[in-house]
Amino acid sequence: MTIIEAQKQLRAGELTAGQLVERCLAKIEADNPKLNAFLEVFKEAREQAAAADALIKRGGEWPPLLGIPLAIKDNILIEGRIASAASRILQNYRASYDATVIKKLKAAGAILLGRTNMDEFAMGSSTEHSAFGPTKNPHDPTRTPGGSSGGSAAAVAAGLALGALGSDTGGSIRQPASFCGVVGLKPTYGAVSRSGLMAMASSLDQIGPLTTSVADAELLFQTIAGRDPLDATSVAPPAGAISPSPEAKFKIGVPEDFLVGLGEEVLINFRQTLARLQALGHEIQNISLPYLKYSLACYYIIMPAESSTNLARFDGVRYGDYQAGENLFADYAQTRGAGFGPEVRRRIMLGTYVLSAGYYDAYYGRAVRVRQLIQNDFAAAFRQVALIALPTAPTTAFKIGEKVSDPLQMYLEDIFTVPANISGVPALSIPSGRDARGLPFGFQLFAPPFGEAALFALGKQVEQHDLA
Amino acid sequence: MIKSAEVENLAILARLALDPAELAAIAKDLGSILDYVKQLSEVTIPADQPEMTDAMAPINVFREDVVAPFPAVSTGDLIVAAPKHDEHFVRVKKIL
């Protein structure tokens with residue numbers, strides 16, 4: 001059931017919010033033990049549903065998401081609730097305020113079902129780096145759901161929630177959406193407030209929706225987007241933007257020379273989707289973004305650097321777990337050594353290295369400058385085409401344990417998603433059929449900054465004509 | 001190749017207590033990751049690119065210099081979250 005279908009049934013009185021939430025809670029009770037999508041279920045969801053039903057009965061104006069049960073990634077603060085970023089260091093931390101996106105969802109009448117599993121501090125592409133066990137892919141429980149928003153993607157794919165929020169720094173919404181066969185949006189950098197999102201890489205992070213339909217993603221995006229005085233990097237969308245018509249035809253650019261290192265089936269599926277779009281009247285054009293191939297290298301310098309800085313605050317002093325040492329330095333070192341998992345420790349060390357004296361210019365300084373060249377590439381490309389297409393991930397869902405011991409192999413999963421974070425443009429992953437094992441493919445579209453409307457328009461067309 | 005002394009120093013900078021086995025593993029991982037990212041050194045940065053020191057465009061966003069209380073949170077809420085605290089203070093070991 002999509003959010004939009006649920007809204008119709010709620011309005012028609014065919015369904016109550018109470019029934020909708022009970023269905024989700026029953027499914028969670030049945031399926032979550034084996035999926036481990038949710039770290040915690042909020043029992044207050046029933047009370048929220050009762051309140052929603054009372055409002056529905058009273059009639060009149062409805063907040064747009066009234067009665068709709070959603071799942072929230074464990075790095076987004078909900079006041080009074082534990083938010084642990086799937087880390088031991090925050091396993092008992094209770095948020096002291098609501099993230100701005102949570103305030104907006106609450107004002108819209110949404111019901112918050114629980115917090116979902118993730119790679120610890122969003123560092124990973126498989127949800128295997130959670131301190132609380134991996135999440136399983138609902139399509140095949142021996143496989144990962146992707147990451148880092150794997151819990152959110154699995155929850156939506158398995159029908160445990162009607163939609164979810166995740167965060168995307170290098171593909172952490174889109175890649176799990178691809179692996180789980182759901183829709184995932186990374187908004188334009190600055191479109192959605194990051195206040196109350198535990199910061200990973202401040203110049204790359206965005207919160208976004210995971211849903212079963214493009215229209216649902218659009219609805220959630222519109223609910224959570226907007227300039228926020230609490231986030232100085234948030235921006236109001238430019239005025240006067242015209243939404244494309246649902247039947248609009250687009251010129252779609254494909255960076256052919258970037259289609260390397262991907263699975264054969266993924267490439268075939270990607271070309272099939274392009275062929276279908278061409279048959280519908282869209283124009284497919286080969287484009288060249290010469291610096292695009294450096295996106296992953298830029299990302300794996302900028303992201304660890306910014307993360308190492310952002311995670312410096314977790315030292316056992318103001319919040320979180322604390323391990324006593326002989327002196328203050330030992331307090332810090334032991335608290336962090338014990339509280340952070342191995343992938344987090346690895347990335348903090350990498351970030352520390354690229355920011356340290358003597359290496360700063362060669363690594364971070366250079367990455368920042370190459371980043372600008374990639375941004376220029378996108379800007380130039382969008383003067384020729386309206387949208388850019390790539391597969392979301394180079395593979396379908398891999399087996400649990402397959403890549404977890406080889407960091408670089410894991411990092412290469414992000415090759416097609418990081419360009420959106422590096423350049424700040426929005427990107428949408430849409431389910432696009434299944435492979436021979438029944439595992440979902442994802443088709444990815446990029447638009448110019450604040451071009452989400454074009455993503456949704458073309459996304460809906462891909463959805464409607466899906467042959468899966 | 002990252003030397004063990006270098007990795008030990010990084011762990012100090014990062015405030016991470018790591019055992020020797022992990023330090024060695026991280027040295028190896030860092031080596032292979034840095035091998036991958038060093039491809040950026042082959043990029044020629046155009047001479048006309050402005051000097052950049054961070055990842056964001058150099059536009060500052062200002063607001064009025066007026067105290068705007070953050071209504072959702074009281075100081076008390078924040079203090080009780082600290083692992084070591086007393087009624088009005090967060091407690092830390094001495095620094096000097």
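Listing for the model above:
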| read-out | value |
| --- | --- |
| Selection within the stretch A:310-330 - of a type outside the set (Gly, Ala, Ser) and in contact (Cβ under 8 Å) with a residue 60 or more places away in the chain | A:ASN310, A:LEU311, A:PHE314, A:TYR319, A:ASP321 |
| Count - residues of the stretch A:340-359 that are more than 7 Å from chain B (Cβ to nearest Cβ), open to solvent by 20 Å² or more (accessible area, probe 1.4 Å) and basic (Lys, Arg) | 0 |
| Complete set of residues in the stretch A:360-371 that are facing another protein chain (nearest Cβ under 9 Å), of a type in the set (Ser, Thr, Tyr) and open to solvent by 50 Å² or more (accessible area, probe 1.4 Å) | none |
| Selection count, the stretch A:264-298, where residues are in contact (Cβ under 8 Å) with a residue 12 or more places away in the chain and more than 9 Å from every other protein chain (Cβ to nearest Cβ) | 23 |
| Listing of helices (runs of 4 or more DSSP H) fully contained in chain B that carry 2 or more residues being more than 29 Å from A:ASP205 (Cβ to Cβ) | B:4-13, B:20-37 |
| Residue list for the stretch A:107-154, filter: farther than 22 Å from A:ARG46 by Cβ and charged (D, E, K, R) | A:ASP119, A:GLU120, A:GLU128, A:LYS136, A:ASP140, A:ARG143 |
| Those helices (runs of 4 or more DSSP H) lying entirely in the stretch A:355-468 with at least 3 residues more than 19 Å from the chain's Cα centre (by Cα) | A:366-381, A:407-411, A:452-464 |
| The stretch A:4-33 residues that are without any contact (Cβ under 8 Å) to a residue 40 or more places away in the chain, paired with ones that are outside any helix (DSSP H, G or I) (beta carbon under 7 Å, 6 or more apart) | A:GLN9/A:LEU15 |
| Residue match in the stretch A:54-76 (condition: assigned to a helix (DSSP H, G or I), out of contact with any Asp or Glu (no Cβ under 6 Å at 6 or more places or on another chain) and surrounded by 18 or more Cβ atoms within 10 Å (Cβ to Cβ)) | yes |
| Matching residues in the stretch B:67-88 - criterion: being within 19 Å of A:THR335 (Cα to Cα) and open to solvent by less than 80 Å² (accessible area, probe 1.4 Å) | B:ILE79, B:ALA81, B:ALA82, B:PRO83, B:HIS85 |
| Candidate set from the stretch A:275-298 (those that are in a helix (DSSP H, G or I) and open to solvent by 10 Å² or more (accessible area, probe 1.4 Å)); member that is farthest from A:TYR363 (Cα to Cα) | A:ALA279 |
| Matching residues in the stretch B:11-41 - criterion: being touching a residue at least 12 places away in the same chain (Cβ under 8 Å) and among the hydrophobic types (A, V, I, L, M, F, W, C) | B:ALA11, B:LEU23, B:ALA24, B:ILE26, B:ALA27, B:LEU30, B:LEU34 |
| Hey, B:GLU64 open to solvent by 70 Å² or more (accessible area, probe 1.4 Å) and in contact (Cβ under 8 Å) with a residue 12 or more places away in the chain or not | no |
| Among the candidates A:PRO419, A:PRO407, A:PRO431, residue that is within 14 Å of another protein chain (Cβ to nearest Cβ) and touching a residue at least 12 places away in the same chain (Cβ under 8 Å) | A:PRO407 |
| Qualifying positions in the stretch A:306-339 - in a helix (DSSP H, G or I), open to solvent by 60 Å² or more (accessible area, probe 1.4 Å) and more than 8 Å from chain B (Cβ to nearest Cβ) | A:THR309, A:ARG313 |
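The values are calculated or read from the model by the stated rules, or taken from the named source; none is laboratory data. In this text the structure is predicted, and so the values were computed from the model without any measurement. With ideal geometry, Cβ positions are generated from the backbone for all residues, glycine too; neighbour counts draw on all protein chains shown. Quick note on the areas: whole protein, heavy atoms, side chains included, nothing else; ligands and nucleic acids left out. Shrake-Rupley method; radii C 1.70, N 1.55, O 1.52, S 1.80 Å.
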